[in-house]
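Okay, structure first, notes after.
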Amino acid sequence: MKQIPLKLATIVLTLIVGLAAVLWFSKSSNSKGCIDAQYFPEGAFSKREGRLNWITEFYSAMQEQPLSCLHEDVEAYRFLFLPSFEPPASIRVWREGDRKYIELRQLSSIGSPQNGAKDMRATETRALTEKEWRHLLELLEKANFWSMPTEDEKPIGLGNASFLLEGKKPRQYHVVDRWFPEDQNFLNACDYLFEISRLVEIKQQNKVSLMN
């Protein structure tokens with residue numbers, strides 16, 4: 001008879017844990033179930049297909065999921081900064097309903113990650129103000145981000161930096177890949193992401209220059 005309460009307690013505890021897991025996933029509106037999703041749609045890089053695996057290495061080490069894994073109604077932008085002589089960084093901003101966020105992730109070493117997620121050095125997330133969100137959208141609009149060609153004719157070289165900017169809206173996705181871009185409006189949008197992510201401030205505190 002004494003074993004019955006113990007079994008009952010075990011069943012109740014199992015139900016509570018299961019219910020808590022369901023509630024946690026239902027509240028996590030940032031992402032949906034996503035298995036074996038690709039980081040970029042098929043054919044996104046018509047001229048530089050070889051870059052896909054290389055870029056994926058950085059996103060994987062930063063534990064960044066594909067934007068396609070986000071819920072349909074989430075609007076998001078992600079900037080991947082790959083300098084030649086500084087640690088790579090990813091800056092993601094997104095909107096869920098009336099809430100806006102920004103997250104910075106940075107690796108610890110220069111070049112391609114060698115140890116996967118063990119190379120992660122910094123992760124910072126904070127709420128984004130309405131003013132910051134609106135100004136970013138204004139800069140992207142001024143740059144004609146959604147109509148910019150994904151790739152340009154400039155060959156990938158040594159030195160300088162690679163700029164990769166993605167955008168995701170309901171039923172819409174776009175990516176712009178540039179090697180040391182010269183479009184000032186595009187640079188202004190990227191610079192603003194540096195600013196609001198505080199990446200510049202962090203690097204200055206560590207006495208490391210952002211760009212040459």
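Just so you know, all these numbers are worked out from the coordinates, no wet-lab data involved. In this text, all values refer to a predicted model and were calculated from it rather than measured experimentally. Note: ideal-geometry Cβ built from the backbone for every residue, glycine included; neighbour counts use all protein chains shown.
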>> Run the count for segment 51-205, please: Lys pairs, Cα-Cα under 27 angstrom, 8 or more apart or on different chains.
In response: 14
> What distance in nm separates the simple spin-label points at residue 45 and residue 137, each placed 7 Å from Cα in the Cβ direction?
Replying inline: 3.0
> Ranked from highest to lowest mean number of other Cβ atoms within 10 Å per residue, what is the order of the peptides 138-145, 122-129, 88-95?
Replying inline: 88-95, 138-145, 122-129
